[in-house]
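The values are calculated or read from the model by the stated rules, or taken from the named source; none is laboratory data. Since we're looking at a predicted model, the values are computed, not measured. Reconstructed Cβ throughout: ideal geometry from the backbone, glycine too, with neighbour counts over all protein chains shown. The area values use the complete protein model at the heavy-atom level, side chains included, leaving out ligands, DNA and RNA. Shrake-Rupley method; radii C 1.70, N 1.55, O 1.52, S 1.80 Å.
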Amino acid sequence: MRPIETKKELDKILNRTPSSNTLGLVPTMGALHKGHLALVKKAVQENDRVVVSIFVNPTQFNNKEDLVKYPKDLSKDLELIESVDPDIIVFAPSVEEIYAQSVRPKKYDFQGLDNVMEGEFRDDHFNGVGTIVEQLFSLIQPNNAYFGEKDFQQLRIIKKLVEIQKIPVNIIPCPIVREDHGLAMSSRNERLSENIRLKAGFIFKTLQTAKEKFGTKSALKVKEWVKNQFLKEEDFEMEYFEIADVETLSPLKRKVKNKKYRAFIAVYAEDIRLIDNIALN
Ligand code: PAF
C-alpha cells in the first residue's frame, strides 16, 4: 500500500470517483490502534470509498515535547489499514505540503465550546484542530467523516466548525474503544510503561463509580470524591475532572431534568497526558 503524499495526487485520484459514490474520511494522526480501526471499519461499511489521513498536525500541539514524542510508525499504520481493506486511500502529507504559507492555526469562534476543559489547559489546541480538519474537508470533500468519542469535546467542536463554516459533511461519532481493563485506547498509551499501563484502568473505574454516584449526589460532591481518589494515587495526577452539558459543554452547576451530562477527565501518568469521558445519564 502506497500513501498519497501531495494534494495534487490526491485530487487526481479522488476525481476519478463517480460523483454518485459516497466518500468517507477518517482523519488521524497515525500510530493507529483498535480505536482508529473501528472508525476505519465503520467508514468502509458505510461508504463506497474511504480516505484515511495520517498527519501529525503541529498547530494543535501546545507542548513542543508532546509533538516531538508523538508516536509515529507509518509502515505499521499502512499494514493495519490494508488489513481492513486494500482499496482504502491513505493520505499522508508532509507539514510543508499542508502548511505551505505558515505553520499557524486559523482563529475560530467556537462559541465558548473551546473555553473549558481541553481548551482551558491547551492553548490554541482547538484552533489547530479546526485548521487541519477544515483543510482536510476542503481537499477531500467527504460525505461522511468519522471521529471517536474519546475526544468528545473535539467532536462537539468539529460539529460546530461544520455549522459555522457551512461545510456539507456528516460528522459520525463513534464509541470509545477500551483496553481489556478499561483504559481508553489512545496512541499515547504506547508511551506508558507496562506497569502504569496496567494500573491505568483506574481512570475508567473511577469514572464508572462517579457515574453511579451522580445518580444520587450533586456534581460538586462527585467532583470532590473524584479529586480525593486521585490524591490517594501517586502514579496518576489529575489535571481536571468536569461534569458538563453534552451540548454546550458548560460545567454543570445544577442538574436539569431531561438534559444530558457527561464527565470528562484529564490525567498525567509518567508525564503522558491521558483523557477520557463517560456519559452520565
Ligand atoms: O483526533 C485526532 O487524531 C486529531 O485531533 C485529528 C482530528 C486527526 C486532527 O488532527
Residue pairs meeting the criteria (Cβ under 7 Å; at least 6 apart or on separate chains; first small (Gly, Ala, Ser), in segment 173-188; second in a strand (DSSP E or B) and away from the ligand (no atom under 13 Å from the Cβ)): 184/178; 184/276; 186/274
Looking at 118, 134, can you tell me which residue is within 15 Å of the ligand (Cβ to nearest atom), surrounded by fewer than 19 Cβ atoms within 10 Å (Cβ to Cβ), modelled with pLDDT of 95 or more and under 30 Å from residue 250 (Cβ atoms)? 134
If you scan segment 170-193, which residues turn out to be within 13 Å of the ligand (Cβ to nearest atom) and either in contact with a helix residue (DSSP H, G or I) (Cβ under 6 Å, 6 or more places away or on another chain) or basic (Lys, Arg) (or both)? 171, 173, 174, 176, 184, 185, 188
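With 264, 241, 236, 204 as the choices, which residue is in contact with a Leu (Cβ under 7 Å, 6 or more places away or on another chain) and hydrophobic (A, V, I, L, M, F, W, C)?
On the way: 264 fails: in contact with a Leu (Cβ under 7 Å, 6 or more places away or on another chain); 241 fails: in contact with a Leu (Cβ under 7 Å, 6 or more places away or on another chain); 236 fails: in contact with a Leu (Cβ under 7 Å, 6 or more places away or on another chain).
It is 204.
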Answer from 67, 80, 39 - the residue that is open to solvent by 40 Å² or more (accessible area, probe 1.4 Å), under 28 Å from residue 127 (Cβ atoms) and either in a helix (DSSP H, G or I) or within 15 Å of the ligand (Cβ to nearest atom) (or both): 67
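Could you tell me whether any residue of segment 25-34 is over 17 Å from the mean Cα position of the chain (by Cα) and not in a strand (DSSP E or B)? So that I can check it myself, show each step before the final result.
First pass over segment 25-34, keeping only residues over 17 Å from the mean Cα position of the chain (by Cα): none.
Checked segment 25-34: no residue is over 17 Å from the mean Cα position of the chain (by Cα) and not in a strand (DSSP E or B).
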Going through (1) surrounded by fewer than 14 Cβ atoms within 10 Å (Cβ to Cβ); (2) over 12 Å from residue 81 (Cα atoms) one by one, residue 2 fails only at (2)
Could you look through segment 83-115, keep only residues that are within 21 Å of residue 135 (Cβ to Cβ) and assigned to a helix (DSSP H, G or I), and pick out the one that is most open to solvent (accessible area, probe 1.4 Å)? 96
With the structure loaded, tell me whether residue 204 is surrounded by 15 or more Cβ atoms within 10 Å (Cβ to Cβ), assigned to a helix (DSSP H, G or I) and touching a Gly at 6+ places or on another chain (Cβ under 6 Å) or whether it fails that test. yes
Tell me yes or no: at least one residue of segment 248-255 is among the β-branched types (Val, Ile, Thr) and more than 22 Å from residue 154 (Cβ to Cβ). no
Would you pick out the residues in segment 198-212 that are within 13 Å of residue 278 (Cα to Cα) and of a type outside the set (Asp, Glu)? 203, 204, 205, 206, 207, 208, 209, 210, 211
